[in-house]
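Reviewing the structure listed below.
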Amino acid sequence: MQKILENALEIGRKYIPEGECASYIPELAKADKNHLGVCIRTRGMETFSAGDTKERFTIQSISKVITLMVALQHCGFDKVFEKMNMEPSGDAFNSLVKLDLTSDKPFNPMINAGAITTAGYLVPDVSFEDMLNYARRLCLDKDIVMDEKVFRSEMDHCARNRAIAYLLQSKGILESDVEKSLELYTRMCSLSVTAESLAGLGLVLSNGGRHPETGERLIDKYAVQVAKTIMLTCGMYDGSGEFAVRVGIPSKSGVGGGILAVVEKRMGIGIYGPALNEKGNSIGGSHVLEYLSKELNLHMFAAEQ
Ligand SMILES: NC(=O)CC[C@H](N)C(=O)O
């Protein structure tokens with residue numbers, strides 16, 4: 001396994017020069033684009049790591065998975081999807097064009113419009129501290145904190161998300177306080193994780209929401225089922241279709257360079273690689289996952305060997 005991970009990194013590293021760190025949140029541009037790490041945590045409680053797996057970075061859009069699951073647990077399926085769809089958008093994660101022109105509902109909870117709507121379902125009942133505790137428990141990482149610098153940097157440069165939030169309010173989709181919903185969304189994006197924490201989250205999701213060692217239920221099992229399905233269809237933004245064909249593992253990316261991948265009933269995989277492709281997905285990380293999927297036969301529709 002260790003050798004396979006090292007090979008995967010070698011392949012992933014070749015693509016790094018073609019990618020760039022996100023810069024629309026200035027603090028993210030400071031990341032070292034050559035970082036690349038992969039961690040696998042298995043149901044048998046083994047951990048395999050290669051590369052930069054202890055490096056902390058912000059979770060960004062991967063937090064949308066946590067927020068969605070907590071909202072489903074807190075408000076129920078009907079409420080969450082009353083004003084939001086569950087269809088891939090085919091547009092960039094921060095697009096608001098179709099939301100304004102052709103749709104009265106955000107396409108899905110994995111794009112910004114959907115995630116801000118989802119955060120609104122939690123305000124004011126569920127606090128950021130509650131959400132931080134969920135994140136720590138679900139990622140099996142008690143050291144997760146909010147990265148204050150990234151949070152401030154994004155809040156100072158979030159005109160587009162603020163526009164989305166007010167558009168949502170104007171359409172009667174966002175009923176909670178707009179600024180508080182935007183702030184909760186942005187705080188969640190600023191949680192600092194490692195590739196290992198994402199592998200932990202993937203492991204918990206692959207285990208239906210139970211702690212892999214103690215069996216304790218950490219989150220509602222139906223919420224986990226819904227989240228994994230939406231990760232498969234929408235988790236890599238407008239690159240989700242090709243990713244599903246090539247990799248075949250429900251995954252969620254973030255512009256901080258993270259990818260969370262869930263191999264059903266087997267393992268969680270966490271990736272860190274801040275050089276992004278044009279869709280905003282880790283370029284090295286996507287290739288690492290494609291290689292691992294083939295080498296370890298992880299594609300969800302792969303024939304048994
Ligand atoms: N794709 C992402 O990771 C986007 C998250 C980022 N916080 C934003 O709202 O733009």
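The values are calculated or read from the model by the stated rules, or taken from the named source; none is laboratory data. It should be emphasised that the depicted structure is a prediction, and the values quoted were computed from it without experimental measurement. Please note: Cβ atoms are built from the backbone with ideal geometry, for glycine as well, and neighbour counts cover all protein chains shown. Heavy atoms of the whole protein, side chains included, go into the accessibility calculation; ligands, DNA and RNA do not. Shrake-Rupley method; radii C 1.70, N 1.55, O 1.52, S 1.80 Å.
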Exercise for review: Return yes when A165 is modelled with pLDDT of 95 or more, in contact with a helix residue (DSSP H, G or I) (Cβ under 9 Å, 6 or more places away or on another chain) and over 30 Å from K54 (Cα atoms) and no when it is not.
Suggested key: yes
Review point. When you scan the stretch 121-219 for helices (runs of 4 or more DSSP H) that lie fully inside it, which ones turn up with 2 or more residues that are open to solvent by 10 Å² or more (accessible area, probe 1.4 Å)?
Key: 128-138, 148-155, 159-170, 178-189
Check your understanding: Just wondering, is there one or more residues in the stretch 14-22 that are open to solvent by less than 70 Å² (accessible area, probe 1.4 Å), among the β-branched types (V, I, T), outside the structural domain of L201 (by TED's automatic domain parsing) and touching a residue at least 60 places away in the same chain (Cβ under 8 Å)?
Key -> no
Exercise for review: Determine which member of the set T229, T233 is over 18 Å from N94 (Cα atoms) and of a type in the set (V, I, T).
Suggested key: T229
Practice item. Would you check which residues across the stretch 78-104 are within 16 Å of the ligand (Cβ to nearest atom), touching a residue at least 60 places away in the same chain (Cβ under 8 Å) and either surrounded by 14 or more Cβ atoms within 10 Å (Cβ to Cβ) or of a type in the set (F, W, Y) (or both) and list them? Key: P88, S89, D91, A92, F93, N94, L96, L99
Check your understanding: In this structure, is L72 at pLDDT below 95, out of contact with any strand residue (DSSP E or B) (no Cβ under 9 Å at 6 or more places or on another chain) and among the aliphatic types (A, V, I, L, M)?
Key -> no
Practice item. Check whether at least one residue in the stretch 34-46 is at pLDDT 95 or above, out of contact with any Gly (no Cβ under 7 Å at 6 or more places or on another chain), surrounded by fewer than 22 Cβ atoms within 10 Å (Cβ to Cβ) and farther than 27 Å from E213 by Cα, and report yes or no. Key: yes
**Study point:** Residues that are within 25 Å of K221 (Cβ to Cβ) and within 11 Å of the ligand (Cβ to nearest atom), drawn from the stretch 231-258
**Key:** G235, M236, K252, S253, G254, G258
